[in-house]
């Protein structure tokens, strides 16, 4: 947002998590309804089923076996969440999708990249948003606080105790996703594809079936190298 719209004009609201309790609630839901399941599953593979996170072949195999399933799972979960009815005082009986549509009708289309009629807008300084988004009722919600502290330990250590402090971070979070080019020959890839697609549990999504899928595929590719 800062790169596209400029610095110190309210392009992005920095600050403590209390400045956007709504997104903190969403991250709690994402973790519990979707993310934690896959995190725990990959940890299970690493501890008990031979996954080596430092092995590029294993990382590629994770993408090959599970990326499409993860994306599908994310789409199913997000569609369900977008249609669930909120219990908010200000948006009772509305779904997130309703709020999105009403917001477009009331305020026009919004996004990262400004439209032509938005380019000339002066914007506002970061200080104008000192108390924006603070939900005083959920400020000390233990469920939200514990999730934030668990997943943002580094930022929590340096977090200001002043609720109105913009607290712009010295550096942004960054996750480097390694390239996952296929290390197999065309013949090897076809052999692996045929193997996994003919497994009786290939179409299942329960944990036991996915573990078997990983183990069978991992055992096969060991014969390739």
Only one of these conditions is not met by residue 36: (1) modelled with pLDDT of 85 or more; (2) surrounded by 15 or more Cβ atoms within 10 Å (Cβ to Cβ). Which number is it?
-> (2)
Pick from the range 173-200, criterion within 16 Å of residue 67 (Cβ to Cβ) and surrounded by fewer than 10 Cβ atoms within 10 Å (Cβ to Cβ), ranking: modelled with the lowest pLDDT | 178
Test for residue 72: is it more than 19 Å from residue 150 (Cβ to Cβ), exposed (fewer than 13 other Cβ atoms within 10 Å of the Cβ), within 18 Å of the chain's Cα centre (by Cα) and at pLDDT 95 or above = yes
All positions within the range 171-220 that are more than 30 Å from the chain's Cα centre (by Cα) and closer than 25 Å to residue 44 by Cβ = 195, 198, 199, 200, 219, 220
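The values are calculated or read from the model by the stated rules, or taken from the named source; none is laboratory data. These numbers come from a predicted model, not from an experiment. Virtual Cβ from ideal backbone geometry, glycine too; neighbours counted across all protein chains shown.
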